[in-house]
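Here the structure is laid out as structure tokens; the discussion comes afterwards.
All of the numbers you see were taken from the coordinates with simple rules; none came from a lab. Given the structure is predicted, the values throughout are model-derived calculations rather than measurements. Please note: Cβ atoms are built from the backbone with ideal geometry, for glycine as well, and neighbour counts cover all protein chains shown.
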């Protein structure tokens, strides 16, 4: 065996110095500029590492040597060099005022493709799907940027982003894989489930976005370049999986009316082999609907009637209705659909929505069909008019509504989002026109981990359980709650933390009660208060048992503190550090919840007072 | 044309030959001028005769300069008639130069015909002669030419380059049209991911860490959060006082309707930050521990099973006017002695808390220690330079007489010891309190009795070679057992049963065998500065307290390194002590606390001692940054005495 310090010929280093390389050295090694290096890193998905020992100093950036070698053998590197040479030619031509030549050269810029890179970074489709969050957020953000000539971002790229994002939304909508939505101050969050992966993305509000100065758009555009390609290929694969041709060819009339999304929906719906019923009941395609109904009118009608029935009687024997619905579903659509998708598909089934002018149309046009509803809007190209008799809900976001149809509900847009998150059709009383809607809650919060549930969250939970179990929601859960928290926990009405609190309260009550009984007893036997005190003292020095009781009387906090101290004394330093860090974080969490409760209490008191 | 040319060439030849035979010109002059070989007469050279001599009567000059006269012209008709008669007329040509008519021979005509048809002029020339290879290359082994390949075969052709350059020039000038523009780049997507998952598995990048996902929004990010998520005005103002980093990035706000929500101004910036994170931030895998913090706590035996131990303050001994430096309990367990900085040393009855006796020494007592033998009620008190041996006055008359005898020093000169320590220590009678005063040459820091009660040791930290001294009470002499000590000693302790002696220097504990007079062991504590040590009554274990608040437990049979290090106190440990009978030990510290520990030492050597922290005793108040200065156990009961800087002594009982 060679000695430990033996190093084979040709192998220069070992250890950290061989495994990692600083950025400056990497750039020198690759013979590229920093800018090109950045671009390569972004496209190839290479990121700095943290070596165990920072052998060249703490303030440097380290890359894995393997990663850098990976870059070195990248054909794209050569392509980028060619481009650089070509750019120099263009520059030269421009400097010589040879406009024509410059233009000609610009047209012949060597191009490159990213498909191999995508396949390299995401060897399987699942990998790509898993990493879609940033991609979608970025594409949606750029789709909402101002498409103005002369800005820093080219107009065609913005249009491309718009197209890609609409294609994605059309797929999500068609497959009913949208799960959660949330209107935040930053925009609208959507969460979809594609091939078992949860994908969350953010779309900004449909308003003029501000282009700030403190942003390097070159970097963002490099990212966007990759994301565009990725989303294109992912869309292709997804469309392929539902037997739709990609890229889609859109109805030019609708496109001109800036209703691309709707046009896409129609394309996807008509292009796919499995024709969804709900998108085709729209008014624009009357003939098709007719033929469809002729083909199997019985199923459709019965379904419609059942849904109406269910809507009219929200809590009357839903179980049997559900069963019936399921039966009818198995007839016309796929059986291997998972229950979640089914739930989503049937939420707004056979309900007609109408959007007013002031409502954010794109978001609602996306989510309502995704949950099985039929939607129209005020404007040209709309599938049906406002005067349609079948409209069940009109989404309105204005202080007052002038003319009202009696047959429909007028609700604020938040109602749709809340319904989707709760997966039930909520009562519309709180969302009527001109009212301040109830608080909009995030569906992404894990109540258990958070330790605090807002009031409206509980209301929704109660409604959900009521819908599930056919139990009318209790008007007020008062003392009964405290009486038996465990049973309520089992029902899923309240969560664990609350149950614990309630149990604590109950214990205290019991203690007080016991003390009261003891005192009563003493009073009965005739001992005075002072004598009982002296009794205690004498007992103190006496038997061990009494002392044990005495120990219980010690203030709880100091005892607990001592206990902690004692335990800490015996822990190793590492464990002690960990323990303390955990304690701090737990304390922080608790204080946050405390703050929320405090604020709530204050708000309530100010309201009543 | 061809004929003319021929003529010219003929005439040229003639001329040329004419020069060669100039001497014979005269003779030739007479001869027939029509002869081919003969040079022409005219010498004007190759000039356009028709032009220049049109109007002249001569056509040129002969060799002698005479004019050659033009022949009289025949008119056309006469010449025609003449030609018509002559059958050879077709082969006659007029020679303008010499102004004569020439008749072509048969050979001439043949030659002309061959020339016209593009063959060689002379019929006898064979253009396709057999190739005769003049070189012999058979059996020669070399090519025809052995020259190296010329360079021009390897370099781009200059001529071609020129041609290309010319083409390029034309293309640029627009003479040659370039092919039309490349079409608008359309993304051609295809099915990138096939179904071959196996091959994809192989392609998976090792060591790749996917970027962490963004945090999902909570309730507070809603456009319409519930009221409790919206901070009040004061809270928002208080954010301004925070550091930039600590300030919350996002302040929840409530909008009453969706239409009133404005565009989020930081969306581009946030996306950009995310991009930066993705390609600039180092990624590492972090293991997130998701355990209950309670599970980290060690499983300690229940405190109830380890009873009795001191838990509560039962008595307080008050009387001292200054911080109580030291305490000591007498072996019978009835009396407690204490020394204070107020210059007094007191004796208390333990059960009642009554102060029995006060010695007004006038100097701060640094350390105090009862003689461990019951029938020698002697108290050793350490002052600055002196050690006082006082008679406590306890016991019956018998004991008293014996004690008094013991505490009597003869003539001061006689007690002087021989050797080096002569000047170090002097024994003398203390008149005022009827005891012995042992005067040291430098400040004494600690005193410790041997368990038999005859020997005791004092430590003089700055004493160099005389730093540790062993005194014998019965003989009233002092000895220095060590010639040299490795470091400055802090304290020294006798082994309870064996002839072993422990000396604590600043960072180590030296273990000496007194019978052999050599070092056995050196215990490495790993602490910065030792303040006190205590030996387990069994003698195999040792605890060391340090000034940084750490306590080390040594198992002497096990190792020279601590078996367990406990970081209990936040300030200096002033004293560590074992209980003589119960499995207890305690530590006192300047942070105003005393810890009580349980420690079972098993007789089985394979089993490690069990150490359990039991109780934290509080009650003393800090004074001048000092807390508890000393602690001692009761010899028989599980009681602990603590002496505080707040000039009280406390007794903690079980």
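Be a star and scan the stretch B:332-363 for residues whose amide nitrogen sits under 15 Å from the point 7 Å along the Cα-to-Cβ vector of residue B:432. Under 15 Å, as judged by backbone N against the label point of residue B:432, lie B:340-346, B:358-363 of the stretch B:332-363. Calculated mean residue ellipticity at 222 nm for chain B: -5000 deg cm²/dmol, from DSSP H runs with n ≥ 4 weighted as -39500 (n - 2.57), summed, divided by the residue count and rounded to 500. Taking only the C-alpha atoms of the stretch B:188-342, Rg followed by Dmax gives 33.1, 101 Å.
Highest mean packing comes first when the peptides B:524-535, A:386-397 are listed by Cβ atoms within 10 Å, giving B:524-535, A:386-397.
By the count of neighbouring beta-carbon atoms within 10 Å, fewest first, B:134, B:370, B:553, B:159 end up ordered B:134, B:159, B:553, B:370. In this simple spin-label approximation, residue A:34 and residue B:351 carry label points 7 Å from Cα along the Cα→Cβ vector, and these lie 8.7 nm apart.
Averaged over the residues of B:250-259, the number of partner chain Cβ atoms lying within 10 Å of the residue Cβ comes to 5. Measuring between their Cα centroids, the stretch B:443-485 and the stretch B:373-396 lie 16 Å from each other.
Compared with the dominant principal axis of the Cα atoms in chain B, helix B:76-85 is inclined by about 80°.
Based on the Cβ-Cβ distance of residue B:400 and residue A:573, what FRET efficiency does E = 1/(1 + (r/R0)^6) give at R0 = 60 Å, to the nearest 0.05? My answer for the efficiency is 0.60. Taking 7 Å steps out from each Cα toward its Cβ at residue A:83 and residue B:70 produces label points 8.9 nm apart.
What does the average come to when, for each residue of peptide B:211-217, you count the partner chain Cβ atoms lying within 10 Å of its Cβ?
6
Distance between the modelled labels on residue B:479 and residue B:622, one decimal in nanometres: 4.6 nm (7 Å Cα→Cβ projection).
Extension gain, residue B:289-residue B:244: 0.36 nm per intervening residue step, less the Cα-Cα distance, totals 13.2 nm. Ranked for footprinting exposure by Cβ neighbours inside 10 Å, fewest first, A:408, B:41 give A:408, B:41. Give, in nm to one decimal, the length gained when the segment between residue B:561 and residue B:95 is fully stretched (0.36 nm per residue of separation minus the Cα-Cα distance). Once the chain is fully extended between residue B:561 and residue B:95, it gains 153.8 nm. Among the residues of A:125-134, the average count of other protein chain beta-carbon atoms within 10 Å of the residue beta-carbon is 4.
Measuring nothing but alpha carbons in chain B and taking Rh as the Kirkwood radius, the Rg to Rh ratio lands at 1.72.
Compared with the dominant Cα axis of chain B, that is its longest principal axis, helix B:397-406 is turned about 50°. Relative to the first principal axis of the alpha-carbon coordinates of chain B, what is the inclination of helix B:158-173, with its axis defined by its Cα atoms, in degrees from 0 to 90 and to the nearest 10? Once rounded, the angle reads 80 degrees. Take every pair of alpha-carbon atoms less than 8 Å apart whose residues are at least six positions apart; their mean separation over the length of chain B yields a relative contact order of 8 percent.
What is the log10 of I(q)/I(0) for the stretch A:392-449, computed with the Debye formula using one identical point scatterer on each Cα and no solvent, at q = 0.16, 0.29 Å⁻¹? The Cα Debye sum returns log10 ratios of -0.52, -1.29.
Of the residues B:428, A:138, the one with the fewest other Cβ atoms within 10 Å heads the list, and the complete ranking is B:428, A:138.
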